[in-house]
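As structure tokens, the structure follows; a few thoughts come after it.
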Amino acid sequence: MVSDLSFDHIRVIYPSAPARPYTPMRGALSTVWFDRYKISRDCPEHLESIDTMCSTLGSIIQDEVNTGIPKHRMVIGGFSMGGAMALHLVCRYHPDVAGVFALSSFLNKDSVAFQAVEERLRTGLSLPDLFQCHGTSDNLVLHQWGEETSVLLRKTGMTTTFHSFPGLYHQLSQPEMELLRSWILNKLPPTTSF
């Protein structure tokens, strides 16, 4: 059992992916953030479904901004496909948040997210830090895929931190969540009001 993240000074939102036809399951309905042609780093991204979800999730971000939460006081992240979705959302559309995390996640080798990071840094604009964790025994999203994602984002200029968890499969663990919690608290410390 892994406890949910909760903080006295941070509101946590857990959006749910919709049911959609999922190609790796022969088109069967699955609760996934976007479609993939296959579960592999070596294929094109299904940009139509990724961009649709970026728009939907962007509306949630805008709702928070409308309530008075500035983007620099937001962290966006997720597990597995949710982490990949967070990377697309932050790298391509909302690079002004405080940070992004991706747990047991990867981007395809030729992801447009890499290109967005390169372009942003080429024009002198900053990006948030990336925090990643991945189990070494993950047989669904290979550890190597997560690590390669971190390396490629670092090469494009993004600050990344990658933590490996020996023996961990495609799941969350308490030590991983404790590291994530500390990272979030570092990015979003309590504010003092006078």
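Read the figures in this text as sums done on the coordinates, not as results from a lab. These figures come from a predicted structure and were not determined experimentally. Cβ: placed from backbone, ideal geometry, glycine included. Neighbour counts: every protein chain shown.
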Report summary line: Taking 0.36 nm per residue of separation between residue 39 and residue 164 and subtracting their Cα-Cα distance, the length gained on full extension comes to 42.9 nm
Query raised in the report: For segment 139-194, what is the largest minus smallest coordinate of the Cα atoms on each principal axis, given in angstrom and ordered from greatest to least?
Result: 50, 31, 14
**Report entry** Separation of the residue 110 and residue 69 label points, Cα + 7 Å toward Cβ, nm
**Finding:** 3.7
Query - Kirkwood hydrodynamic radius (C-alpha pairs) into Stokes-Einstein, the chain, 25 °C and 0.890 mPa s, D in µm²/s - result: 143
Report task. Add +1 for every Lys or Arg and -1 for every Asp or Glu among the other residues with Cβ under 14 Å from the Cβ of residue 172, and state the total. Result -> -3
Query raised in the report: What list of ³J(HN,Hα) couplings, whole Hz, do you get for segment 153-159 from phi and the Karplus terms 6.51, -1.76, 1.60, once you set θ to phi - 60° and write x for glycine and proline?
Result: 5, 5, 4, 7, x, 7, 7
Query raised in the report: Given the Cα-Cα distance of residue 30 and residue 122 and 0.36 nm per residue of separation, how much length would full extension add, in nm?
Result: 29.3 nm
Report summary line: Which residues qualify? For residue 36, with a placed amide H closer than 5 Å and at least 5 residues away or on another chain, they are 23
Report summary line: Under the helix-only model (-39500 (n - 2.57) for each DSSP H run of 4 or more, divided by the residues of the chain), the mean residue ellipticity at 222 nm, to 500 deg cm²/dmol, is -11000 deg cm²/dmol
